[in-house]
1. In sequence order, what are the phi-derived ³J(HN,Hα) couplings for the stretch 37-54 according to the Karplus relation 6.51 cos²θ - 1.76 cosθ + 1.60 with θ = phi - 60°, rounded to whole Hz, with x for glycine and proline?
2. I want to verify a result. In a Gaussian network model of the chain, Cα cutoff 10 Å, which of these has the top mean-square fluctuation: Leu42, Leu62, Leu148?
3. Could you put Asp187, Asp28 in order, starting from the residue whose Cβ has the fewest other Cβ atoms within 10 Å?
4. Okay, helix-only estimate at 222 nm for the chain: each DSSP H run of n ≥ 4 adds -39500 (n - 2.57), divide by all residues, round to 500 deg cm²/dmol; what do you get?
5. Percent of alpha carbon pairs in the stretch 16-191 separated by more than 28 Å?
6. Calculate, in nm to one decimal, what Ser140 and Glu30 gain on full extension: separation in residues at 0.36 nm each, minus their alpha carbon distance.
7. Give, rounded to the nearest 20 debye, the magnitude of the charge dipole that the stretch 16-191 has about its Cα centre when Lys and Arg contribute +1 at Cβ and Asp and Glu contribute -1 at Cβ.
8. Let me know the longest stretch in the chain that avoids all chymotrypsin sites (Phe, Trp or Tyr not before Pro) found in a DSSP loop with at most 14 other C-beta atoms within 10 Å.
Amino acid sequence: MTAAATDPSTARSLASICVFCASSSGRDGEFLSAARDFGRLLAERGHRLVYGGGRVGLMGALADGALAAGGNVVGVIPEMLVRREVAHESLGELRVVASMHERKATMAELADAFVALPGGIGTLEELFEVWTWGQLGLHSKPCGLLDLDGYYEGLLAFLRRAAAGGYVAAETLGLLVVESEGRRLLDALGHRRLPHLPWRLEPEET
């Protein structure tokens, strides 16, 4: 699957980027290092990181990387997960909310773009929700997938099959920017041109 169409002459202002990723460390230490590197990259490029608020797993590595580089980090975590995901206490701002729904709504409101790193069903659920919202016209914020070491190769193959079968429109696939390297992904998100979506809801319908 290719990245969404981009226009180098019209860069978007992406002050805040919401990142979805695993709250576990997994078995591949390279992904921990990559998450830390991506957090540092966000800070170095002046993006505020918005994420799930934990200090463990890829989430913790992501935040630590951004903080170590002097970045601005906002964590959003529901009360029920403060202990399970071990809320990060070194953030510039930690918002403890009442529910998962409030967490996702708050993260979406704070963000100018969304990126998914490796993760499990929670990460996928978060990505697919904001991607669906974009398809419906509930927002016009770019969505990206950082496909580290082919982690999402199987998912992307499924999406191509769904598109070939007529279950996902080509325009919908075009909303998701896919890159294997962080800098290229951020550049593509910043220059993404929204595909034409004839079924997008009008503001009065939302």
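1. Once rounded to whole Hz, the list reads 5, 5, x, 5, 4, 4, 5, 5, 8, x, 8, 6, 8, 10, 8, x, x, x.
2. Leu148
3. Neighbour counts put them in this order, fewest first: Asp28, Asp187.
4. Mean residue ellipticity at 222 nm (helix-derived): -12000 deg cm²/dmol.
5. When every Cα pair of the stretch 16-191 is considered, 17 percent fall beyond 28 Å.
6. My answer for the length gained is 36.4 nm.
7. 120
8. The reported range is 1-166.
Throughout, read-outs are computed from the coordinates displayed, never taken from laboratory work. Since we're looking at a predicted model, the values are computed, not measured. Virtual Cβ from ideal backbone geometry, glycine too; neighbours counted across all protein chains shown.
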